[in-house]
Amino acid sequence: MSKWDHLWINARLATMREGTTAYGAIENAAFADSGGRIVFAGPMRNLPGKPDALATRVVEANKQWITPGLIDCHTHLVFAGNRAPEFEQRLKGVSYEAISKAGGGIMSTVRATRAADDDTLFKQAQARLTALLGQGVTTIEIKSGYGLDLETELRLLRVARRLGEASAMRVTTTYLGLHALPPEYANKRVAYVAEMSGPVLRAVAAEGLADAVDAFCEGIAFTVDETAQFFSAATALGLKVKLHADQLSDTNGAALAAKFGALSADHLEYTDASGVAAMAKAGTIAVLLPGAFFVLRETRKPPVEAFRRAKVPIAIATDCNPGTSPNVSLHTTMAMACTLFGLTPEEALAGVTRNAARALGLSAETGTLEVGKAADYAVWPIDHPAELSYWIGGNISPSAIACSAALAAANQEVP
Ligand code: NIG
Ligand code: FE
């Protein structure tokens, strides 16, 4: 037998496997990877030999916790500028919808993004990505949606792909063609939806630039029928769908997502019982975004208890974007999911590991510590996994992190 690459001994594992102990925890554990795959995750006593004989590199974990690499499954990471002035306006009482209707909101970021060159977009997004990596995030989803024309949507997706190639993280990309109606299409909604569902979608697919598509189904954005047209075209090309659904009002977005077998429906503050039931039946993951809820000072919470009862898996994500969630902390997001939405710290950790992987269609590859999956993991100097949801403000970081998909391994061994 050839030797394993790394073997961690005297560790504690939060495997996040379903239906086992809390956190899928294993005390007095060992964990090993080889060739970018997990080859051992279990009790020390089950190791098939002496550590030095088993692995090239043996690392003493000193009872640190090893978790799956964290997954941020909903971000709008690539954009230019910021919307701090809108933040001030909203604090004075102007609503997000009113700002959007007056040509601000998403369109203000679209203007800044169209005017920025690729390198600027890349560098600004890379800084945000690096912040997330430093918190143990090994997989991130990045949406387009601040271009809203052929050229800029393709540019944003190419920048996102480049971020994946250049970083120690796995990046998945989502074409968010229906995010807002740009002013050049005012009074030409039909033509805009046709353009994004036709030529732009085909160009995105031809270049292999997106793993999924997304839309903003909302009173201030796109209707259920427009979204359905976009989704039909996307699924015909073999692309998976995701949806910004029922964030500010109940438009039956969750049910629409389920009808198209969506990987996930996201936000969901206004989703009703029929939407929850449809998601359960379709196996659509509920992605909750407490950062946007917090920033918009919403009071209507997503139906967490109904998701639990219906066994709809719950994921959580930063929704990093310049308007409603200028948030580059997945840990703070976990803390908010607990305090604002009532998730347990274990549910929050499942929401950024096992269930986030499902929301990206990656559960065979990552999201739990299981033999055969990719060696995506983080090692934490903490006493209990609840600490990952408990500390607020970026003061918690892993002592080591590995992502098998990364070109450059970011492994810093514990001294
Ligand atoms: O997920 N809801 C739509 N999209 C973003 C907000 C985008 C923006 O305001 O720039 C969201 O919250
Ligand atoms: Fe979003």
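Read the figures in this text as sums done on the coordinates, not as results from a lab. Computed from a prediction, not measured in an experiment: that's the story for all the values here. Note that each Cβ is placed from the backbone with ideal geometry, even for glycine, and that neighbours are counted across all protein chains shown.
Worth pointing out:
- Estimated distance in nm for a label pair at GLU88 and ARG189, the labels positioned 7 Å out from Cα along Cα-to-Cβ: 3.4 nm
- Across the range 149-160, rounded Karplus estimates of 3J(HN,Hα) from the backbone phi angles (6.51 cos²θ - 1.76 cosθ + 1.60, θ = phi - 60°) give 9, 3, 4, 6, 4, 5, 4, 5, 5, 5, 4, 4 Hz, Gly and Pro being marked x.
- Furthest towards positive pole of dipole, LEU157, THR173, TYR192, structure part the range 70-359, Cβ charges: THR173
- Total formal charge among the other residues, if their Cβ is under 13 angstrom from that of THR344, Lys/Arg +1 and Asp/Glu -1: -2
- By DSSP, the beta bridges lying fully in the chain are antiparallel in about 40 percent of cases.
- Remark on the range 230-325: Rg and Dmax equal 12.8, 39 Å (Cα only).
- Modelled spin-label separation between ASN10 and TRP391, with each label point placed 7 Å from Cα along the Cα-to-Cβ direction: 2.1 nm.
- Computed label-point distance, nm, for sites THR344 and ARG202 using a 7 Å Cα→Cβ extension: 5.2 nm
- Positive-end residue of ALA257, PRO303, GLY103, charge dipole of the range 70-359 with Cβ unit charges: PRO303
- With Cα atoms defining each centre, the range 33-66 and the range 287-318 are spaced 37 Å apart in the structure.
- Close Lys pairs in the range 70-359 (alpha-carbon distance under 26 Å; sequence gap of 8 or more, or different chains): 26.
- Cut-off under 5 Å, modelled amide H: who pairs with PHE40 long-range: ALA32
- Taking Cβ atoms as reference points and 11 Å as the exclusive limit, the residues near ILE140 contribute a net charge of +1, counting Lys and Arg as +1 and Asp and Glu as -1.
- Other-chain or far-sequence residues with amide H under 5 Å of ALA55's (modelled H): TRP4
- Here the mean projected area of the convex hull built on the C-alpha positions of the chain is 19.2 nm².
- The separation of the range 347-369 from the range 197-259, counted between C-alpha centres, amounts to 22 Å.
- Counting only lysines at least 8 places from LYS63 when in the same chain, those with an alpha carbon closer than 19 Å to its own are LYS50.
- For ALA53 and ALA166, a Förster radius of 35 Å and the Cβ-Cβ distance give a FRET efficiency of 0.40, rounded to the nearest 0.05.
- Derived scalar couplings between HN and Hα for the range 138-143 equal 10, 9, 9, 9, 10, 9 Hz in order, rounded to whole Hz, by the Karplus curve 6.51 cos²θ - 1.76 cosθ + 1.60 (θ = phi - 60°), x for Gly and Pro.
- Using the Cβ of THR109 as centre and a radius below 12 Å, the other residues enclosed give a net charge of +2, where K and R count +1 and D and E count -1.
- For ASP376, residues with placed amide H under 5 Å, excluding near neighbours: GLY69, SER404
- For the range 264-281, backbone phi angles converted through the Karplus equation (6.51, -1.76, 1.60; θ = phi - 60°) give residue-by-residue couplings of 8, 10, 10, 5, 6, 4, 9, 5, 9, 4, 5, x, 4, 5, 5, 5, 4, 5 Hz, Gly and Pro being listed as x.
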